[in-house]
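The values are calculated or read from the model by the stated rules, or taken from the named source; none is laboratory data. The shown structure was predicted, so the numbers you read here are calculated from the model rather than taken from an experiment. Glycine also receives a Cβ, built like all others from the backbone with ideal geometry; neighbour counts cover every protein chain displayed. Protein only, heavy atoms only, side chains kept; ligands, DNA and RNA dropped before computing areas. Shrake-Rupley method; radii C 1.70, N 1.55, O 1.52, S 1.80 Å.
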Amino acid sequence: MKIILLGAPGSGKGTLAKKISRDFEIPQISTGDLFRACVKAENELGKKVKSIMESGALVPDEVTIEIVKERLQQPDCKKGFILDGFPRTVNQAKALEKISQIDSVILVDLANEIIVERLSSRRTCPNCGEIYSVEDNPEGKCKKCNSKLIQRDDDKPETILHRLEVYERNTSPLINFYSERLFKVSSSGTPEQTYQPVKAFLEKLEAKA
Ligand code: AP5
Ligand code: MG
């Protein structure tokens, strides 16, 4: 099963992707995570994308398409994958069509006011990538690997607003691009309430295949 998760920054793509990945046994491919790993490793690509990511702008299409193309060639993607945060431009979507055939696109929908609140209180594990909010993890320790949680550099209020503008301008046209393959889910409820309709939809999709 080859799935795209589309949605604004902070809409809950990563949270949902982890549940799908666990139950359907397909890898979560988050371009944001791939880039953050490069920044952490301080490699060539990391040096190139660090300031772009901190500002909330998009990494250039050529660079992003290349990193996804390489990742999708790895053996764990044979059975399928979840693309979390890719494509983010019509150009990237057109390039993806030449790389792989996608089964479905899930749009995670959430009002901007809630997005700003959730991103301001998000904490992530720098070691295993687990996602929390301050409210459900006031201790600030990862429940999976016990590492100290951090706040992402791009989760500052002014950067969040810029990321939302970038989404509106560059990524929201993809809703039209994928209109025939789109499954829309609201993430205004709890993570589990968000996941249930998606799970039912994917089970049907899997049964048809
Ligand atoms: P990326 O890492 O993809 O960031 P993003 O799209 O801005 O999305 P986020 O990870 O911030 O949010 P999310 O939707 O995953 O929400 P989450 O599940 O964490 O990209 C970062 C940067 O990399 C970009 O700005 C760009 O520079 C670059 N980049 C990446 N891909 C690129 C591409 N294709 N092209 C060019 N550049 C690219 O949830 C958020 C919070 O809400 C958490 O605290 C979570 O606990 C909470 N939460 C989630 N769901 C629920 C729920 N249902 N109820 C209550 N709380 C919830
Ligand atoms: Mg994410």
Which of the helices (runs of 4 or more DSSP H) contained wholly in the range 1-76 include at least 3 residues that are touching a residue at least 12 places away in the same chain (Cβ under 8 Å) and under 19 Å from Pro197 (Cβ atoms)? 13-24
Could you tell me whether Val116 is within 13 Å of ligand 1 (Cβ to nearest atom), modelled with pLDDT of 95 or more and open to solvent by less than 70 Å² (accessible area, probe 1.4 Å)? yes
Yes or no: Ile102 touching a strand residue (DSSP E or B) at 6+ places or on another chain (Cβ under 9 Å), of a type in the set (Val, Ile, Thr) and either open to solvent by 20 Å² or more (accessible area, probe 1.4 Å) or part of a loop (DSSP other than H, G, I, E, B) (or both)? yes
Options Glu206, Glu130, Glu139; residue that is more than 17 Å from the chain's Cα centre (by Cα) and either surrounded by 13 or more Cβ atoms within 10 Å (Cβ to Cβ) or at pLDDT below 95 (or both): Glu206
Name the single residue, out of those in the range 64-99 being more than 13 Å from ligand 1 (Cβ to nearest atom) and open to solvent by less than 10 Å² (accessible area, probe 1.4 Å), that is nearest to the chain's Cα centre (by Cα). Phe81
Which condition number in (1) under 21 Å from Asp61 (Cβ atoms); (2) surrounded by 16 or more Cβ atoms within 10 Å (Cβ to Cβ) is the one that Val198 fails? (1)
Looking at Glu42, is it on the phi > 0 side of the Ramachandran plot and open to solvent by 60 Å² or more (accessible area, probe 1.4 Å)? yes
